[in-house]
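The values are calculated or read from the model by the stated rules, or taken from the named source; none is laboratory data. Fair warning: this is a prediction, and the values are worked out from it, not measured in the lab. A quick note on method: Cβ atoms are made from the backbone with ideal geometry, for glycine too, and the neighbour counts reach across all protein chains shown.
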Amino acid sequence: MKFSKVKEEEPRLGIAPLVDIVFLLLIFFMLTSHFEIASGVPIRLPKVTQKIFNTQEMKVTVLLDRTGKIYFHGKKLTLGELRKKMEKLVEENGIVHLILQADQDTRHGRVVDVMDVAKSAGIRSIIIAARWKSQ
């Protein structure tokens, strides 16, 4: 009895599994990425040469434009409204760090007012944002 030989195919790399893996990687990176969404308030930060702050605790950003208007999560607020929002955040989250992004032309008094409101609301640390200037 004579059996016919089965011809073996050469191993090939299928494109479908590669496409599946690429899509899975794309989804993974999209889900694990964190994008900082900036509000539409145009400010110019002052420049610094030393980095100071690097922690993973909750950070809240407040913007001051050159005219002294206060923005929190893209909404314009008064000092009283800002105090209430910050008190609520401290009550809900415990330790909160404030990142204060003030335009370099903002009056110093207005920056101090925001810092005073933050401290009275229970915020322990205030970080003043600046643009990194390489040496």
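May I ask you to list pairs of residues, at least six apart or on different chains, whose Cβ atoms are under 7 Å apart, with the first in segment 20-39 being at pLDDT 85 or above and the second being surrounded by fewer than 10 Cβ atoms within 10 Å (Cβ to Cβ)?
none
Could you check segment 57-73 and list, in sequence order, the residues that are buried (at least 17 other Cβ atoms within 10 Å of the Cβ) and either under 13 Å from the mean Cα position of the chain (by Cα) or among the hydroxyl-bearing types (S, T, Y) (or both)?
V60, T61, V62, Y71
Is it the case that I123 is part of a loop (DSSP other than H, G, I, E, B) and among the aliphatic types (A, V, I, L, M)? First the steps, then the outcome.
Values: part of a loop (DSSP other than H, G, I, E, B): yes; among the aliphatic types (A, V, I, L, M): yes.
Yes.
Working carefully through the options G68, G109, find the one that is at pLDDT 90 or above and outside any strand (DSSP E or B).
Working: G68 fails: at pLDDT 90 or above.
That would be G109, the only listed residue that is at pLDDT 90 or above and outside any strand (DSSP E or B).
Do any residues in segment 67-88 that are more than 20 Å from D103 (Cβ to Cβ) have Cβ atoms under 7 Å from those of residues that are surrounded by 12 or more Cβ atoms within 10 Å (Cβ to Cβ) and aromatic (F, W, Y), where the two are at least six apart or on different chains, and which pairs are they?
These pairs meet every condition: K85/F72.
Of all residues in segment 90-99 being buried (at least 17 other Cβ atoms within 10 Å of the Cβ), aliphatic (A, V, I, L, M) and touching a strand residue (DSSP E or B) at 6+ places or on another chain (Cβ under 7 Å), which is nearest to L63 (Cα to Cα)? Walk me through how you get there before you give the answer.
Of all residues in segment 90-99, those buried (at least 17 other Cβ atoms within 10 Å of the Cβ) come to 90, 96-98.
Filter once more, keeping what is aliphatic (A, V, I, L, M): 90, 96, 98.
With touching a strand residue (DSSP E or B) at 6+ places or on another chain (Cβ under 7 Å) added as a condition, the list becomes 96, 98.
On the way: V96: 16, L98: 10 Å.
Across segment 90-99, the extreme among qualifying residues is L98.
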